[in-house]
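One structure is given below, encoded as structure tokens.
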Amino acid sequence: MTRSRRAGGWDLRHGRGQRRGWSLGRVLGAGQYPTRTLVTGWSAIGLTFVLVIGALFGYVKYRDVLDGINHIAVTDLGKRPPKFNNAMNLLLIGSDSRSGRNGAIGGRRGISGQRSDTVMVVHISPGHRHIYVLSFPRDSVVPIYSCAPEPGFTGQTAQPTPNVEQLNSTFAFGGPGCLWKTLEHTTHIRIDDFVELNFTGFISVINALGGVEVCLPTPIIPSRYDKLNLPPGKHFLFGREALEFWRLREDFGLGSDLQRIQRDQLLMVGLVQRILSSGVLHSLTKTYTIVSDIVHAHALTTDAGLSPTKIIDIGRSMAGISRKSVQFVEVPAITYPGNKNWVEFDSTQTPTLFNAVAHDVKLPKIHKGKKGKKGKAGTANGKGTGKSSNPGGSPPKLLSTSKVSVEVLNGSRVQGVAGTTSNALTARGFHVLGASNAATFTYNESVVQYAGPADLAAARTVAAQLGKNVTLQVSTSVTAGTVNLILGSDFKSLAPQQSQPPGNLAKQYNGYSGSTNVCKGYGNAFAGA
């Protein structure tokens, strides 16, 4: 069962943006688009903004500009998924608000409120050396959760299963906080902050970067929806022309929303390559131009928790990221049985994808790959100082921390060390059974005890949190399915958090990486054109 909802005169039934009694189009140049083609690329621009604003904030005299960012306090998130590591997950939203200058760009007639088409979650791995951008089709159906009103949004009342709504509708009624809540509940990925941009923000960033390159294997010919006219080959697009490309869908290619996301991802590849090659992150003039234009146009909104200090940390830490470490993935979706114009997450693929992102772990290989190098399973670093229960085999892979139950014991005379360490392990997602004293305080090095071969992977996962000076030890006194961590006198603190980034998601899910050749790696983005 689905439901029809109206917002500011909009009928969102069957995913069609039509005003009652009148067919709405947007005006950009001489072309018109139905509402279902509104705004798809803002999220990439949002990521760009986070990077450049981090560089700018270090200059005190420009902080008054940053103080002009709009903030919304997000509090109504319900029961949230745990945070398993220190990765960062940003929700990036494109808004088609027609207030102020946005009305002149996108067309103001008969339009009120805000909508969102494509929503993205940007996963920045621990160490900030890998970025994964997940694109959620705006026609994806999701449960209807209760959401309190936010400035400019009415909020919504929870509806029982099987009632569903589109992500677009979630944002239109509940606002960014509701979209945040819905994605957390459906993906189990804990989101840290959100960034929302509108039309003017998009155009400001593109122009300040000196345009963005696209490469076409086929021409784009003017139609009744669009006057964009581009021959095959490379093009540098600016401002409104880039905006038209982002929104291109009707009467082009297969005309599908999913194919449009692929073209948007290719443009994002060009955007990443432009950013990394132009040195914009290291140019105060370019950075200031972008930020100043966006802020003065009231084009940017974030949650209240995304402080300037937090933004600067993100921007600085990712300054050296490589092209191949940025990947774009479209969330797998299939046709929703209740409405052929809608889609639903593909339950055969998305749980694995969402889990890999939430835990920052590698995906299981879809196809059989090369065998890993063999090594000993004695300690966390492979040097067998304790008894190994896995003779002759390669060491088991580390587990997700949420699958490991550990008892923390103080084997030294350092007061309170078991309690503080158990808190730290809990923050990393471990199931901590308790904290107490070991039988003796004579341990110099730390020891991880486990019952037998079935718990070796769990023991290694705990040992990896210490990094060094830790021994694995089989012990019959340990309950099967759990491990004991005995802290020695040389223990100071947990090692910096390690992770196994999800790997080449772009390859496994037919996406793109920042190193993709935009003139060759088209995939199906232009099929049927």
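The values are calculated or read from the model by the stated rules, or taken from the named source; none is laboratory data. All values derive from a computational prediction rather than experimental measurement. No Cβ is skipped: glycine too gets one built from the backbone with ideal geometry, and neighbour counts run over all protein chains shown. Heads up: the accessible areas ignore ligands, DNA and RNA and are worked out on the full protein's heavy atoms, side chains in. Shrake-Rupley method; radii C 1.70, N 1.55, O 1.52, S 1.80 Å.
Is there any pair linking a residue in segment 260-274 that is among the acidic types (Asp, Glu) to one that is open to solvent by less than 10 Å² (accessible area, probe 1.4 Å) and assigned to a helix (DSSP H, G or I), with Cβ under 7 Å and at least six apart or on different chains, and which?
ASP264/TRP246
Identify all residues within segment 176-222 that are over 30 Å from GLU344 (Cβ atoms), open to solvent by 20 Å² or more (accessible area, probe 1.4 Å) and in a loop (DSSP other than H, G, I, E, B); write none if there are none. Steps first, please.
Our first condition is that a residue be over 30 Å from GLU344 (Cβ atoms); within segment 176-222, this holds for 200-201, 203-222.
So of that shortlist, the ones also open to solvent by 20 Å² or more (accessible area, probe 1.4 Å) come out as 203, 207-208, 210, 213, 217-219, 221-222.
Within segment 176-222, GLY210, PRO217, THR218, PRO219, ILE221, PRO222 meet the criteria.
Does segment 398-418 hold any residues that are open to solvent by less than 30 Å² (accessible area, probe 1.4 Å) and under 25 Å from LYS83 (Cβ atoms), and which are they? Break it down stepwise before answering.
Here is the first cut: in segment 398-418, the residues open to solvent by less than 30 Å² (accessible area, probe 1.4 Å) are 400-401, 404-406, 408-412, 417-418.
Within segment 398-418, SER400, THR401, VAL404, SER405, VAL406, VAL408, VAL417, ALA418 qualify.
Take the residues of segment 232-282 that are basic (Lys, Arg) and modelled with pLDDT of 80 or more: which is surrounded by the fewest Cβ atoms within 10 Å (Cβ to Cβ)?
LYS234
Looking only at segment 442-469, which residues are more than 33 Å from the chain's Cα centre (by Cα), crowded, with 17+ Cβ neighbours inside 10 Å and over 19 Å from ARG413 (Cβ atoms)?
Answer for segment 442-469, where residues must be more than 33 Å from the chain's Cα centre (by Cα), crowded, with 17+ Cβ neighbours inside 10 Å and over 19 Å from ARG413 (Cβ atoms): VAL448, GLN449, TYR450, ALA451.
Quick check on my filter: what residues within segment 481-512 are modelled with pLDDT of 85 or more, surrounded by 20 or more Cβ atoms within 10 Å (Cβ to Cβ) and not aromatic (Phe, Trp, Tyr)?
If the condition is that a residue be modelled with pLDDT of 85 or more, surrounded by 20 or more Cβ atoms within 10 Å (Cβ to Cβ) and not aromatic (Phe, Trp, Tyr), then VAL483, ASN484, LEU485, ILE486, LEU487, GLY488 are the ones that fit.
Output the number of the condition that ALA457 fails; it satisfies all remaining conditions of (1) assigned to a helix (DSSP H, G or I); (2) in contact with a strand residue (DSSP E or B) (Cβ under 6 Å, 6 or more places away or on another chain); (3) of a type outside the set (Val, Ile, Thr).
Answer for ALA457: the failing condition is (2).
Given the options VAL414, VAL361, VAL447, name the one that is in contact with a Ser or Thr (Cβ under 9 Å, 6 or more places away or on another chain) and at pLDDT 95 or above.
On the way: VAL414 fails: at pLDDT 95 or above; VAL361 fails: at pLDDT 95 or above.
None of the other options fit; the residue is VAL447.
Give the residue that is most open to solvent (accessible area, probe 1.4 Å), with candidates limited to residues of segment 427-441 that are within 10 Å of VAL406 (Cα to Cα) and outside any loop (DSSP other than H, G, I, E, B).
Here is the first cut: in segment 427-441, the residues within 10 Å of VAL406 (Cα to Cα) are 430-435.
From what is left, the residues that are outside any loop (DSSP other than H, G, I, E, B) are 431-435.
Working: HIS431: 99, VAL432: 35, LEU433: 83, GLY434: 21, ALA435: 53 Å².
It comes out as HIS431.
Give the residues of segment 142-154 that are modelled with pLDDT of 95 or more and surrounded by 15 or more Cβ atoms within 10 Å (Cβ to Cβ), sorted by residue number. Walk me through how you get there before you give the answer.
To start, the set of residues in segment 142-154 that are modelled with pLDDT of 95 or more comprises 142-147.
Answer for segment 142-154, where residues must be modelled with pLDDT of 95 or more and surrounded by 15 or more Cβ atoms within 10 Å (Cβ to Cβ): VAL142, PRO143, ILE144, TYR145, CYS147.
If you go through segment 161-175 one residue at a time, do you hit one that is assigned to a loop (DSSP other than H, G, I, E, B), among the hydroxyl-bearing types (Ser, Thr, Tyr), farther than 22 Å from ARG274 by Cα and open to solvent by 10 Å² or more (accessible area, probe 1.4 Å)?
So in segment 161-175, the residues assigned to a loop (DSSP other than H, G, I, E, B) come out as 161-163.
Those left that are additionally among the hydroxyl-bearing types (Ser, Thr, Tyr): 161.
Of the ones still in play, those that are also farther than 22 Å from ARG274 by Cα are 161.
Narrowing further to those that are open to solvent by 10 Å² or more (accessible area, probe 1.4 Å): 161.
Among the residues of segment 161-175, at least one is assigned to a loop (DSSP other than H, G, I, E, B), among the hydroxyl-bearing types (Ser, Thr, Tyr), farther than 22 Å from ARG274 by Cα and open to solvent by 10 Å² or more (accessible area, probe 1.4 Å), which makes the answer yes.
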